[in-house]
Amino acid sequence: MRKCEPVKLTVGDTTSPLVPCAVAMVAKHVVLFKFKPETSPEAIKALEAGVRSLIRIPGVLSMDFGETFTTERSQGFTHVLVADFESRATQAVYDPHPLHVEVVKTLIVPIIAPGGIVVVDIEDPARATASA
């Protein structure tokens, strides 16, 4: 955990010095993919390699990509990306990063079926870190 200084928590008219420090929660980025019917296995492998290369972007903690094994309930979405970021702030840096933009433009957009991408983001309080 990072070293941090005590902060004050204000709720309404009450200020409390009891909170020991600010907390940053890990941000999870989940993307579901549905590919065009003509998409080759090679194109999906290239996408996987490109996605996994994004781990080099500062603030990215993990980058996982794989094929679902629960096709009976996936509504045609066949692959999933789950990325963990140090915080929402680091995810905000990731989105416009040139490496991310290039992967989206060259490896994702050409093979995605119409309506074939769903993106959701959450914070994971179980993986919170203290911040200065």
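Quick look at the numbers
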item	result
Added length on full extension, which subtracts the Cα-Cα distance from 0.36 nm per residue, Leu99 to Lys36	20.3 nm
Theoretical FRET efficiency, 1/(1+(r/R0)^6), r = Cβ-Cβ of Asp121 and Ser53, R0 30 Å, to 0.05	0.90
Share of Cα-Cα pairs in segment 23-127 lying beyond 15 Å, as whole percent	63
Alpha-carbon centroid distance for the pair segment 79-122 / segment 25-70, whole angstrom	8
Residues Val80, Val119, sorted so that the one with the fewest Cβ neighbours within 10 Å comes first	Val119, Val80
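We did not get these values from a lab; they are worked out from the coordinates using the rules stated. Treat the numbers as computed from the prediction; the structure is a model and nothing was measured. Please note: Cβ atoms are built from the backbone with ideal geometry, for glycine as well, and neighbour counts cover all protein chains shown.
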